[in-house]
Amino acid sequence: MRVEDFKQVIAEWLHQGVPEVRDREITLPLDSNLIIAVTGGRRSGKTYLLFLTIKKIVESGKANLDEILYVDFEHIRLKGVNVSDLDDMLVAFYELTGKKPKHIFLDEVQVVKGYGAWFRRRLDARIYISGSSSTLTPKNIAEELRGRCLSYEIYPLSFREYLSFVGYSPKTEILLYSEERGKILSLLRDYLYYGAYPAIVFEDDKKRLLRSYYESVLVRDLGGTSLAEAFTSYVIANYAQPITVNRVYSFLRSLGFAIGKERVIDLFNRARETYFAFMVEIFQKSERKRKMYPKKLYIIDTGYPTALGYEFSISKAMENAVYLELLRRGVGEIHYWREYGKSDGVEVDFVLSRNFEAEELIQVTYAEDTVKGREVKALKKAQRELKPKKATILTWNYRGKVDDIEAVPLWYWLLT
């Protein structure tokens, strides 16, 4: 029986109440009859999104705080909790409040093995769950809850959210013609350098906190071994670049790790499942060609290279920020394009498509007052081959037409 443990945890929640929270662009439904599942990397803001939802429920009059059950399963009192203990959670809440919960929020629920079995019973409450490990991916949630849920993925702050957090509300169109544009560029540089984890915005010692985040991901999501540390360090050092399993395998073997390529593949899969790193394939309808070519590598937050002391590359950080923003916008298929059959062929950073029909090309370049001919050449070749509806060049601060292709500053694209 774990009733006393749950009573302690729930009593703390009822006493402390909802902490101060800031709005995010992603919102959760308040009246869904399906289970609402929130997934994402550690420190991306899942818990505070739950708190924000609780706040809205209370403010809307749908429930009082003592009718809302919130439990963090990473609380020290709940170590070792299993699915058979979850009924004790309801008993504890009823003893403390004299009520049945109208809304149930279960944070880091993946800690409870086989949690899906408990939800298959009928619960007279609206349910929200969250988690960050590989056991709580949208795919695994669907299997565990058998189609009874809606999944929402959360990422670190968008640039729009970041500006809101720092208390800056620019009028985007005016900034295009204003000297204040220097302010937005300075904030964008900080956003790229320190990354976009919500707590980082308000932290004075940003690098120290970023380092602790990195160590948390390393230990809790990727095993905490020397192999995992070598792998994550390599990934962070080589983000926004083409990468192959063979290359990483050779690097790890050179360090003395006696592993096979299957282990490297497993590390990449684990990194993706835990939202640490993402792989983008080349745009080819042939699956064989997609698997044969190197993949482009992106990471969940551009603050990690800063935390590990790597030299800051603003062009790589810009490209990574664009990829994460495309994920937030749910644009569909994301690939990169490379001139086929040429080892030194030109490349386009992003191809947005539906069913392998190209819709938009995006090229990212650190251009302040002009765009290099190679960037335009790549887009032109890709346009002739793929025939997309649109092509865009994202720059640091240049705006205009380049050979009939629109070039816009990254900050403007991120805000609009």
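Quick notes on this one:
- Low-density loop positions, GluC sites (Glu not before Pro), the stretch 1-64 - DSSP coil, at most 13 other Cβ in 10 Å: Glu20, Glu25
- The ellipsoid equivalent to the alpha-carbon distribution of the stretch 1-59 has semi-axes of 23, 14, 14 angstrom, derived from the gyration tensor eigenvalues as √(5λ) and listed largest first.
- Percent of C-alpha pairs per 5 Å bin, the stretch 259-416, short to long: 2, 8, 16, 20, 21, 16, 10, 5, 1, 0, 0
- Taking 16 Å as the straight-line reach from the Cα of Lys289, the lysines in range (excluding those fewer than 8 positions away in the same chain) are Lys342.
- Gyration tensor (alpha-carbon) shape descriptor, the stretch 192-343, a/c threshold 1.5: oblate
- Stokes-Einstein translational diffusion, the stretch 47-103 - Kirkwood Rh over all Cα pairs, 1.306 mPa s, 10 °C, in µm²/s: 127 µm²/s
- Here the extension length gained between Tyr177 and Tyr340 equals 54.6 nm, from 0.36 nm per residue of separation less the Cα-Cα distance.
- Charge tally in the Cβ shell below 11 Å around Lys289, where Lys, Arg are +1 and Asp, Glu are -1, Lys289 excluded: +3
- Loop sites by DSSP among the trypsin sites (Lys or Arg not before Pro) of the chain, restricted to those with at most 14 other Cβ atoms within 10 angstrom, leave 172-284 as the longest stretch without any of them.
- Length gained on full extension, Ala199 to Lys56, computed as 0.36 nm times the residue gap minus the Cα-Cα distance: 49.3 nm.
- Pairwise label distance in nanometres, Arg399 with Met292, each label 7 Å out on the Cα-Cβ vector: 4.4 nm
- Net charge of neighbours whose Cβ lies under 13 Å from the Cβ of Val91, counting Lys and Arg as +1 and Asp and Glu as -1: -2
- For the pair Met1 and Ser233, a Förster radius of 41 Å applied to the C-beta separation gives a FRET efficiency near 0.35, rounded to the nearest 0.05.
- Compactness of the chain as Cα Rg over 2.2 N^0.38 Å, two decimals: 1.07
- Shown here for the stretch 347-403: GluC sites (Glu not before Pro) in loop regions (DSSP other than H, G, I, E, B) with at most 15 other Cβ atoms within 10 Å, namely Glu368.
- Between Glu311 and Ser84, the distance separating the two model label sites (each 7 Å from Cα on the Cα→Cβ line) works out to 5.9 nm.
- Values of log10 I(q)/I(0) for the stretch 3-154 across q = 0.11, 0.15, 0.17 Å⁻¹ run -0.37, -0.73, -0.98, by the Debye formula with one identical scatterer at each alpha carbon and no solvent.
- Inter-label distance for Val166 and Glu406, nm, one decimal - labels placed 7 Å from Cα along Cα-to-Cβ: 2.6 nm
- Ordering Leu414, Leu90 by the number of other Cβ atoms within 10 Å of each residue's own Cβ, fewest first, gives Leu90, Leu414.
Just so you know, all these numbers are worked out from the coordinates, no wet-lab data involved. No experiment lies behind these values; they were computed from the predicted model shown. In this analysis, Cβ positions are derived from the backbone assuming ideal geometry, glycine residues included, and neighbour counts consider all displayed protein chains.
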